[in-house]
Every structure is written in structure tokens, then in C-alpha cells.
Amino acid sequence: MDTGRQGTRRPAGSRPDSSRPTGDRPGAGPPDTDVAVVGGGPVGMLLAYELALQGIRTTVLEQLARPTGESKAGTLHARTAQTLHRRGLLEAVQPGPHKARYSRGPVPFHFGGMFELDLAAVVDEGPAMVGSPQAYAEQVFARLAEALGARIVRDTEVVGIRQDDDRVHLTVRDGTGATRTVTAGWAVGCDGARSAVRQLSGIRFTGTPAGVGALMGEVELLDPYDAPAGWQRNERGWTLVWLNPYGRSRVSTYDFRGPHPDRGAPVTLAELQSETERIAGRPVPMASPRWLTRFSDAALQAEQYRSGRVLLAGDAAHVHFPAGGQGLNLGLQDAVNLGWKLAAEVRGDAPAGLLDTYHAERHPAAAEVLWNVRAQVALMNPDPRTDALRDLFVRLMHMPQVNTYLSGMISGTGVHYDTGPHTDPLAGRLTPDLPLKTPEARTGVARLLRAAKPLLLDLADRADLRAAAAPWGPRVVTVTAVTDAPPADALLVRPDGYTAWSATDPDHDAASLTAALRAWIGEPAAP
């Protein structure tokens, strides 16, 4: 069966010639942990949960001694919400009451700072957007991962990496300067834009350089009702103020004259206030700063998401200007795509080439985001000569086809993986959360995926398909159910919720299901 995967397939656990190890012979005995997740942000913690859910020994190595509590991002778009729903986590990551977030009315959103999109138009399931401060989601994922047996080791910085045939040696340093070695079967860098894992593994990070200098921080505005609230653009740049007259407000500035000369220099309150006042053209007094930072519009991506036994996810794999709140969503979807594949590799039952589909699927998804963010930055240029272009885009976004296209990119609902023959119209698309009635109970697709196991959903009482899946035994959950307007006779659903195969016409028979099971699940269990 042609699964549509790109590149040459290799035996499970092998690596490209360019990343063959140069270190010592494999060590004696098992490694300290099956997987070391480097970086304990929301992406790393969700990946740890996904691996622990599969019974994989997982250790998170986090440089910070304690969480900062800072949330640079707080918006979960539709595809991320749908993905978390398939683990039963969507409600958990939302502080406060949730019902108001499920309104079916329009959901205005912006493209390039123009709030003319309606995200609800492309969402058939669940909320179009939910609020979830990343620090809160990180704590939720960490707590659940630990409950499943994952270890979280803080005050631990990775300063060296060496690979053998069967493990990765991580040199780590604590806050006292003491070093030690942690061995892992695999290591995943979820350690942010300046990823030590990426740099130590020699993975190239390429793209377009910075052209914008941006500042952000939380401050007390001393005259809040005279501050430039909201998103304001003029010929000098942008100010973005999320106003809170009773506490700290979040303030950002975008300077299109060029990037900051020293990207790593600490930001002072005086600098943020001066830049805000320069762009606003009037005094904006502020005090009590917190979480001051600088960033740019550099759009960079790892050329490969895997080098031997080292992989990357989240900002370690891709960074871009925060236009549209897409970065955190991109990383969380990386984690769910990678988790089940890496778990299969650790267990030893992964089919050849399965782990390589992580790069094949997620690298193009991130490249698409970097592309649309570059376009948004160009549209946000404060030069008055851009005004006509912005006016044109406003008119275009009112056209349903344009709204569908741009909203699908921002929300992630347009993601479609190349997973199977082109004759299968459902392969590679997220399986809808169909309401199901089984002989035992009423349920739904999302609920059946909470354990992160592959699912064969028989919607037409196809005994031949159930018999074909029987050799895979407990590794594949087989459910016979009925639903209104079934999209196919049967669906093979991956643990991340995407359809691997469907019986939508007579050509999709038991033989094609068997081929799909071998391609995505591996060989059947021994009798």
C-alpha cells in the first residue's frame, strides 16, 4: 500500500547516514530513562503526558528551579482545542467557567492586525478559540504527567549531548555548577527558541532574519484611561495595550525601523515607556514592571526535526513573530503528533519509517505558519504606503472564500497530512467527533481516543474488517457503532485523532485495511 509518505523508509530505530554516532559503544544496561524531554514548558509537559500515557519512562529536564508563572501566550485555536478534547484535557486547561466560550456566534479575529476574520466559519466542532494562559496549561500537563509516572527534574540545564547506537548521553548542570550525566533512549528538545538541544546536536536553524524590534511587558499604567488602549498603528509603529485599570496591563511595541542591536540585553521600564511614548506621541506613565522582554520577527525553522535519537518540538523547532497566536498551538500539536510515534519506537513495535513521519507531517505545518506570519508582518508595516494594501485586504477578508482560507490557516483547521492513497478522501484529516451508539453505550470518537490508542471504528457492521484487524489484538481498539450520516463504512483513526484509512468505496476492503495497519501500527502481535 502506498501510504503517501515522503523519502526512503528505514528500519525502525535507524537514523540517516548524516547523523551516525561518533561516540562510545552502547552502554551496558538500560538507560536512566526511555525518553528525556528537555524543557518543561507547555509543549514539553504535554509531550511528557503523551509518553507517560503510553507507559513510557519519561523524564523532563527543566533548567528553571521553579515555574515563572509568565504567560506570553494564552489563546488556543480550534485545532488545538479539538486535539486536547480527544484526550479529555480541554476543560482542564481553561481556568474559570467554560460555557461562554462555546458560543456559535461569529468569532472575530485578526490577520495582520485587521480584525475582519470570522474564525467560527471554519469550525464544525467545539469552540473556535479558548483562553488558556500557557503557564496554567503547563501546570495542568505537568500534574497529569507526574500522576502517570513521569519525573520532572528542575534546576537542570543540558550542556552536552552525545549519541551512541542505543542511547543519548546528556551532560546536565545544576544551579551549583555540579555536572552529571543522564542517559536516555531518546531525547526531545522542547527548550525554546535558543534550544541547547538543537545547537548541541548541530541541527541548522534557518529562515529570514529580524527586521522588527518589539518589546513586551506587564506594567501598572498610572493614567490608564489616557493610555493608547487596544491595537494602534501609525507611521511610527504599533502599540498594543491590553488594558487593566485595576492592576498590571500588558504593553507591547513594534518598531519597524529595525531589530534591536543587542537581542539579549535586558529590557528596562524606562526603555518600554520611552518606546511606547515615541510611537503613541504622548506621555504614557507606567510603573511596577514585570516580565519585560524583547523579541523580533525573525522566522526560523529547524532544517530537520530529527537527528538520530534526538528530536525537536515547539519553539526549539520553529520560531516566528507572534502574529495570530499560532506558536503555542503549533507546538502543542507537535507534541501530540510525536508522542504516540515515539512511544511505538521505544516499545519496539513501530513500523519502518513511522518516526520519520513526524518531520514529514509537522515540518510543512510549521513552514505554512512561518509563511503566513511573514505576510502578516509585511501587512503591518506602518509606512503609509501600506495603507492601500491593508484596505484591499480588509475588503478581501469579507469574501467567504478568503475568510475560509485565512481562518483555516490561523485556526489550524486547514491541517491535512499526506497519510494515504489519494483515492482515500478522509485519510490525513482529523476524524470528526462523531456521536456513536454502541451495543453497550452512547459515546463519541473523542472519548474513545482518550487512552491514545489506534481506533478501528466499524460503522457498517463489517465483519470482514473486524477480522482483518483481529491479529493486532489489544494494540488497536475495535468498536462497532452506528451514527447518523456515517462518513464511511469504517475508519482507522490514529492516536492523534487523524484518519489513517477509511472504507469510503469498495476498493477500500480488508486487504487495504491490513496494509494500512501494517504501515501505521506495525506487524501484528505474535500468536
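Hey, among the residues in the stretch 228-261 that are open to solvent by less than 10 Å² (accessible area, probe 1.4 Å) and of a type in the set (Gly, Ala, Ser), which one's farthest from Arg282 (Cα to Cα)? Checked the stretch 228-261; the qualifying residue farthest from Arg282 (Cα to Cα) is Ser249.
Residues Ala73, Ala28, Ala100, Ala12: which one is at pLDDT below 95, open to solvent by 10 Å² or more (accessible area, probe 1.4 Å) and under 22 Å from Ser201 (Cα atoms)? After applying the criteria, what remains is Ala12. Here Val310 clears all of (1) of a type outside the set (S, T, N, Q); (2) more than 17 Å from the chain's Cα centre (by Cα); (3) surrounded by fewer than 24 Cβ atoms within 10 Å (Cβ to Cβ) except the condition numbered (3). For the stretch 417-464, the set of residues classified as over 26 Å from the mean Cα position of the chain (by Cα) and of a type in the set (Val, Ile, Thr) consists of Thr423, Thr438, Thr443, listed by residue number.
Can you find even one residue in the stretch 185-199 that is within 26 Å of Arg257 (Cα to Cα), at pLDDT 95 or above and open to solvent by 30 Å² or more (accessible area, probe 1.4 Å)? Yes, some residue in the stretch 185-199 is within 26 Å of Arg257 (Cα to Cα), at pLDDT 95 or above and open to solvent by 30 Å² or more (accessible area, probe 1.4 Å).
Matching residues to (1) more than 24 Å from Val369 (Cβ to Cβ); (2) in contact with a strand residue (DSSP E or B) (Cβ under 7 Å, 6 or more places away or on another chain); (3) in contact (Cβ under 8 Å) with a residue 60 or more places away in the chain; (4) in a helix (DSSP H, G or I):
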residue	(1), (2), (3), (4)
Val37	no, yes, yes, no
Gly44	no, yes, yes, yes
Tyr49	no, no, yes, yes
Leu64	yes, no, yes, no
Lys72	no, no, yes, no
Ala81	no, yes, no, yes
Gly126	no, no, yes, no
Tyr136	no, no, yes, yes
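Restricting to the stretch 512-527, and then to whatever is among the hydrophobic types (A, V, I, L, M, F, W, C) and touching a residue at least 40 places away in the same chain (Cβ under 8 Å), can you tell me which residue is most open to solvent (accessible area, probe 1.4 Å)? Filtering first and then ranking leaves Ala525. Of all residues in the stretch 457-473, those being open to solvent by 60 Å² or more (accessible area, probe 1.4 Å) and in contact (Cβ under 8 Å) with a residue 12 or more places away in the chain number 5. Of the strands (runs of 3 or more DSSP E) contained entirely in the stretch 374-468, those carrying at least 1 residues that are small (Gly, Ala, Ser) fall at 442-444.
Answer yes if at least one residue in the stretch 33-50 is over 21 Å from Gly192 (Cβ atoms), out of contact with any Pro (no Cβ under 8 Å at 6 or more places or on another chain) and either aromatic (Phe, Trp, Tyr) or open to solvent by 20 Å² or more (accessible area, probe 1.4 Å) (or both), and no otherwise. Yes, some residue in the stretch 33-50 is over 21 Å from Gly192 (Cβ atoms), out of contact with any Pro (no Cβ under 8 Å at 6 or more places or on another chain) and either aromatic (Phe, Trp, Tyr) or open to solvent by 20 Å² or more (accessible area, probe 1.4 Å) (or both).
Quick check, is Leu328 in contact (Cβ under 8 Å) with a residue 12 or more places away in the chain, buried (at least 23 other Cβ atoms within 10 Å of the Cβ), under 24 Å from Val37 (Cβ atoms) and aliphatic (A, V, I, L, M)? Considered against the rule, which asks whether it is in contact (Cβ under 8 Å) with a residue 12 or more places away in the chain, buried (at least 23 other Cβ atoms within 10 Å of the Cβ), under 24 Å from Val37 (Cβ atoms) and aliphatic (A, V, I, L, M), Leu328 comes out as yes. Of the residues Met380, Met397, the single one that is open to solvent by less than 60 Å² (accessible area, probe 1.4 Å), under 30 Å from Gly258 (Cβ atoms) and either free of Cβ contacts under 8 Å to residues at least 12 places away in the same chain or in contact with an Asp or Glu (Cβ under 7 Å, 6 or more places away or on another chain) (or both) is Met397. Against the condition in contact with a strand residue (DSSP E or B) (Cβ under 7 Å, 6 or more places away or on another chain), open to solvent by 60 Å² or more (accessible area, probe 1.4 Å) and in a strand (DSSP E or B), how does Arg180 come out, does it pass? Judged against the criteria, Arg180 is a match.
The rows are residues; the columns are (1) among the acidic types (Asp, Glu); (2) crowded, with 19+ Cβ neighbours inside 10 Å.
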position: Leu119; (1), (2): no, yes
position: Val123; (1), (2): no, yes
position: Val130; (1), (2): no, yes
position: Gln134; (1), (2): no, yes
position: Glu138; (1), (2): yes, yes
position: Ala145; (1), (2): no, yes
position: Leu148; (1), (2): no, no
position: Arg154; (1), (2): no, no
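The values are calculated or read from the model by the stated rules, or taken from the named source; none is laboratory data. Note that the structure is predicted; figures quoted are calculated from it, not measured. Reconstructed Cβ throughout: ideal geometry from the backbone, glycine too, with neighbour counts over all protein chains shown. Side chains are part of the model used for accessible areas, which takes the heavy atoms of the whole protein and leaves out ligands, DNA and RNA. Shrake-Rupley method; radii C 1.70, N 1.55, O 1.52, S 1.80 Å.
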